[in-house]
Amino acid sequence: MRKTIIKCCYLLAVFIVSLFVVSTVVNQGNTDMTMEMGPATFPVVHMYVGGMEVNSLYGYKNAMECCYQRESITPLGEGRKVSIQVEKYGQTIENMAFEVRSIDGERLVENTEITVYEEKDDTISAQFNVKDLIDADTEYMLVVLLENEWGQTIRYYTRIIQTEDYFVKEKLDYVMDFHRRTFDKEAAKELTKYLESNAEGDNTTFSKVTIHSSFHQVTWGDLEVEKLTEPAVTIKEIASQTGSIELEYVVSLRNGGEEDLYNVKEFYRIRYTPDRIYLLDFERVMRHIFNEEGEVFANNKIELGIMGQDDIQMEESDGGNVLAFTDGKRVFSYNVADNKLSTLFSFYEGDYRDERACRQKHGVKILNVDEAGNVQFIVYGYMNRGRHEGETGILVYYFNGLLNTVEELLYVPGNSSYEILHAELEELAYISKSEIFFFMHDGAVYAADLTDRTCEVMVSGLREESYKVSDSNRMIVWQTGEELYSCESLVLMNLNTKEKKEIEAGNGEYIAPLGFMGEDLIYGVARTRDMIRDNTGNIIFPMYRVRIQNENGEVLKTYEEPGIYVTGSIIQDNQINLTRLRKEEESGNYTEIEDDQIVNTKIVPEGSNTIETVAIDVYEKVVQIAVKSTIDGKTVKRLTPKEVLFEGGREIALQKKEIESAKYYVYGKNGVEGIFSDEGNAINMAYDLSGTVVNEKGAYVWNRGNRSLKNQIMAIKGASITEEKNSLAICLDTMLQYEGIMRNTEYMLNRGETIVDILDENLEGARVLDLTGCSLDAILYYINKDIPVLASLNDGNAVLIIGFNELNIVLMDPLTGGTPYKKGMNDSVQMFAENGNRFITYIKD
């Protein structure tokens, strides 16, 4: 017996040694090893304006497209002085330099080495002057270049502007004073004169507080809030009157025996006058930093704290046994059966004082979750740390629930910005069962194979309203042809199978997609003879028939009533709300009638796990996830997967467009609010949001605010019609002469050329803007810039708008002799609306 036991022990020892040897041999050269994400290493550059720290700049590994780097703007000091401080974070800086470029980055204005600086401990302070090669009141791009000890050049971007009367210090002082007073209810009484508290403010949640919220909400209610970091100040926009400024900081709230941390962002839009400063907009957003190591479980709830429900995404497996969720910038999964909580992705490492790891210029999106606990998700935007530190792009990740590892499947590098990527990927990001990653980029749908990392373009040239995507992102439909309202067919595609189905309109008809109800397509059909322009200049697309059709081509429902036409739809849950018109047979005019609804009787099953919003005393509304079964918080396994190492790269390069199409980006307080091909649509959105429109080169197209009380283009004296020239030709001649160009536009008009064609051909270095459908108030932006606006009238005539004040506009009307005259503002608004608000102007590129 003793010999047998010794023999068994010997064999067991041999087996263990053999297993170790085999494992060592097999793993030599094996790329499937794991590691933790590397820490942030790049230095940070802080700008100083008037002795105040503003605009923290984060390093980029590669040269970026300057036109998309709109995160901050730095006003230069006297003598075009720039003041910076570099936080080295342990890196050795061998050389420093700076570039000044045009806002599109194409023209290098200056390239100078920084040789005078002061180095102390872990910081470098420097002041330098930009050469007298830049124009006043014109934006440029400043690029600070730091070369580290390994010869790597790291780039930092901010817009700069040279000005003397933008009252930057006064605006910054106002914002900081407002911010400090919100933490002191007695001192905050001074703020009531700036607030516009009314029913628009939601006083049931601290996740979003606005200028319309109550004094109680603005001053943090009954929350025992403690500010842990001083605000990081970012100047988003600055002009002589107006300014937009953002503050970011961290606060804590005591929750029982724990301290909950929250990221807070404040946005201010203000107007400066010599008498006082006006608060035009204020918004404070509060988002809980989910503490996966804390007491976050209660019964069957995962408590996420104070945050907006839109900040959270949750996806679950078919059986509901595995769910993945985000807290805005990080990804977690919870396995119900195994009682495991895993942190799948996080740049944040638990230290809220590390400004690099805490930077919020990236997004996450969960794409697939299965019952085995596997999760596919993407991370996009600026990469704070890790393998792609200092890059901007899209990362596709795979979490293996069995091995507890996260693997990078694909990387799509880019040179734009987080804001651009967010707007595009919110439109479409989907992984099919055959491991194809579909995503939207620059008006095109790309299909990237996650296995062999090849990529193809499925469709390009997509314009706003010309395509629709289902909520699941599995189905997409787009119009064929380039014209939005003259499309004769649609292409419906199932991204899971790549199957396409064409839907054609009948003879003399056009077709347009309206959206999806679930995965079923909703589209409308209009007769060409019924289409007209309304009083605002927009095309009315009166659809006499609306259909709901599934992906197999089966028509599930047809909505059609004699003499009734649908002009728009809103799809919400299981109901379609149809905006309708009635056509008068005798006059052919359309009149609005009450909306109608189509209700989907199919019951959509609710998931096993759901997101809830509940009210909790002083916290007001908080968000939580209700899990399908009770959670034993004491036995929860908390895991942090490691990254899978691999040899080589997993990047794909997207083909660059040969011809850059015109694009218009609408920037608001939340970043990029929309991307448009139509300049009028972009300006209408920016007008409603009090935002800004820039084109694909970064040049301003339109901006809300900062308009003078009055202005008139005095160089335009006016001209009258003649026997040879009508009023439209006179207006066109006058616009061209104002730019020093002599042409006979009457001849061009008789030749069949349009107003846009004529201006486009003759105004070199300018971009013609068709602003049909924009309001009169919006187009006065151009008059304020000394750019005339041509307004077309229904009778074929035209007038030039060349001035305005608070009560009137100034017109040059060739029919009345051409001498500029004033017309009341209200009368002008009515006149132009009755003539379709057909405005055409231009900007100089």
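The values are calculated or read from the model by the stated rules, or taken from the named source; none is laboratory data. The structure displayed is predicted, hence computed values, not measured ones. Every residue, glycine as well, gets a Cβ built from its backbone with ideal geometry; the counts of neighbours run over all protein chains shown. The area values use the complete protein model at the heavy-atom level, side chains included, leaving out ligands, DNA and RNA. Shrake-Rupley method; radii C 1.70, N 1.55, O 1.52, S 1.80 Å.
Quick notes on this structure:
- Calculated FRET efficiency, D795 to A97, Cβ-Cβ distance, R0 = 56 Å: about 0.35 to the nearest 0.05.
- For segment 507-621: relative contact order, % (alpha-carbon pairs under 8 angstrom, 6 or more apart): 15 percent
- D795 accessible area, assembled protein chains, probe 1.4 Å, Å²: 110 Å²
- Cα centroid separation, segment 695-766 to segment 593-648 (Å): 56 Å
- Comparing Cα centroids, segment 150-191 and segment 53-127 end up 18 angstrom apart.
- Overall form of segment 761-845 per C-alpha gyration tensor (a/c, 1.5; a/b vs b/c): rounded
- FRET efficiency for the L133 to V599 pair, using the beta carbon distance and R₀ = 60 Å, is estimated at 0.40.
- With an a/c value of 1.5 or above and a/b not larger than b/c for the gyration tensor axes a ≥ b ≥ c computed over the alpha-carbon atoms, segment 607-690 is described as oblate.
- Dipole magnitude for segment 788-845: computed about the Cα centre from +1 point charges on Lys and Arg Cβ and -1 point charges on Asp and Glu Cβ, it is near 100 debye.
- For R387, residues with placed amide H under 5 Å, excluding near neighbours: G38
- Relative contact order, whole percent, for the chain stands at 9, derived from Cα pairs under 8 Å and 6 or more residues apart.
- Taking the DSSP beta bridges with both ends in segment 460-516, the antiparallel portion is around 100 percent.
- Think of segment 163-254 as having a plus end and a minus end, set by charges on the Cβ of Lys, Arg, Asp and Glu; of G243, H216, Y166, H216 sits farthest toward the positive end of this dipole.
- Cα gyration tensor shape of segment 657-731, rounded if a/c is under 1.5, else prolate or oblate by comparing a/b with b/c: oblate
- Placing C455, C66 in order of accessible area, with the largest value first and a 1.4 Å probe, yields C455, C66.
- Loop-located trypsin sites (Lys or Arg not before Pro) across segment 85-114 with a Cβ neighbour count of 12 or fewer within 10 Å are R107, with loop assigned by DSSP.
- Computed about its Cα centre, the charge dipole of segment 598-659 is approximately 180 debye, with only Lys, Arg, Asp and Glu carrying charge at their Cβ.
- For the chain, share of DSSP beta bridges that run antiparallel, in % to the nearest 5: 95 percent
- Under a model in which nothing but the beta-carbon of Lys, Arg (+1) and Asp, Glu (-1) is charged, the chain shows a dipole of about 1220 debye around its Cα centre.
- Considering only F282, V54, G818, and ranking their Cα positions along the charge dipole of the chain that arises from unit charges at the beta-carbon of Lys, Arg, Asp and Glu, the one farthest toward the positive end is V54.
- Rounded to the nearest 500, the helix-only mean residue ellipticity at 222 nm of the chain stands at -4000 deg cm²/dmol, with each DSSP H run of n ≥ 4 adding -39,500 (n - 2.57).
- Charge sum, other residues only, whose C-beta stays under 14 Å from K236's C-beta, Lys/Arg counted +1 and Asp/Glu -1: -2
- Filtered GluC sites (Glu not before Pro), segment 699-744: DSSP coil and at most 14 other beta carbons within 10 Å: E723, E724
- Solution diffusion estimate, µm²/s, Stokes-Einstein, segment 320-447, Kirkwood Rh from C-alpha pairs, 37 °C, viscosity 0.692 mPa s: 216 µm²/s
- Within the accessible area of segment 93-233 (1.4 Å probe), percent carbon and sulfur: 42 percent
- Within segment 185-288, GluC sites (Glu not before Pro) in DSSP loop having at most 11 other beta-carbon neighbours inside 10 Å: E186, E200, E224
- FRET efficiency, E519 to D370 (Cβ-Cβ, R0 22 Å, nearest 0.05): 0.65
- Highest-first arrangement of 326-336, 797-807, where packing means the average Cβ count within 10 Å: 326-336, 797-807
- Here each label is just a point 7 Å from Cα along the line to Cβ, and for E723 and T192 those points are 7.4 nm apart.
- Modelled spin labels at N589 and K710, positioned 7 Å past Cα toward Cβ, are 3.8 nm from each other.
- Summary of packing: across the peptides 551-563, 491-503, 210-222, the per-residue average of other C-beta atoms within 10 Å ranks them, highest first, as 210-222, 491-503, 551-563.
- Distance from the alpha carbon centroid of segment 337-354 to that of segment 268-321 works out to 17 angstrom.
- Positive minus negative residues near R101 (Lys, Arg vs Asp, Glu; Cβ under 9 Å): -3
- Charge dipole of the chain about the Cα centre (unit charges at C-beta), most positive-ward option of N684, A729, A653: A653
- Residue ranking by accessible heavy-atom surface, 1.4 Å probe, largest first, among R767, R271, R533 comes out as R533, R271, R767.
- Amide N of segment 804-841 lying under 18 Å from the label point, which is placed 7 angstrom from the Cα of N784 along Cα→Cβ: 804-810, 825-826, 829, 841
- Neighbourhood charge, 11 Å Cβ-Cβ cut-off, centred on R582 and excluding it, Lys, Arg +1 and Asp, Glu -1: -3
- Here the peptides 77-84, 131-138 are ranked by packing, the mean other Cβ count within 10 Å, and the order with the highest first is 77-84, 131-138.
- Of the DSSP H helices in the chain, those whose Cα atoms cover at least 24 Å axially and whose Kyte score averages 1.0 or more: 2-27
- Note on exposure: K697, K823 ranked by accessible area (1.4 Å probe, complete protein assembly) read K697, K823, with the most exposed listed first.
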